[in-house]
Amino acid sequence: MRNRTRIVEAARAALAEVHRRDVEELVAAASALLVEHEPVEALRHWLDRVLDYAAIKRGVGR
């Protein structure tokens, strides 16, 4: 049972790290999109990325 607990804890830590990096990428994308597009268009592109991210994460949770 101790091995199972360690495996579960390691998996949770790995998933948390992936989530942290994904969110950092979303945050960084906002600035990059503003350089390339007008603000409203940049927001539209950024929200598309957020929706894609949410759809992927929803699939992971199933």
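Accessible surface of the chain, 1.4 Å probe: 61 percent of it comes from carbon and sulfur atoms. Of the trypsin sites (Lys or Arg not before Pro) found in the range 1-56, none is in coil by DSSP with at most 10 other Cβ atoms within 10 Å of its Cβ. Each Lys or Arg adds one and each Asp or Glu subtracts one; over the other residues with Cβ under 11 Å from the Cβ of residue 49, this totals -3.
Between the beta carbons of residue 53 and residue 7, assuming R0 = 35 Å, the FRET efficiency works out to 0.85 to the nearest 0.05.
The angle between the Cα long axis of helix 2-36 and the longest principal axis of the Cα atoms of the chain comes to about 10 degrees, rounded to the nearest 10.
Pull out a ≥ b ≥ c, the square roots of the eigenvalues of the alpha-carbon gyration tensor of the chain, then state rounded if a/c is under 1.5, prolate if not and a/b is larger than b/c, and oblate in the remaining case.
oblate
The values are calculated or read from the model by the stated rules, or taken from the named source; none is laboratory data. A quick note: this is a predicted structure, and the numbers were derived from the prediction, not measured. Quick reminder, even Gly has a Cβ in these numbers, built from the backbone with ideal geometry, and neighbours come from all protein chains shown. In case anyone asks, the SASA skips ligands and DNA or RNA and just uses the protein heavy atoms, side chains included. Shrake-Rupley method; radii C 1.70, N 1.55, O 1.52, S 1.80 Å.
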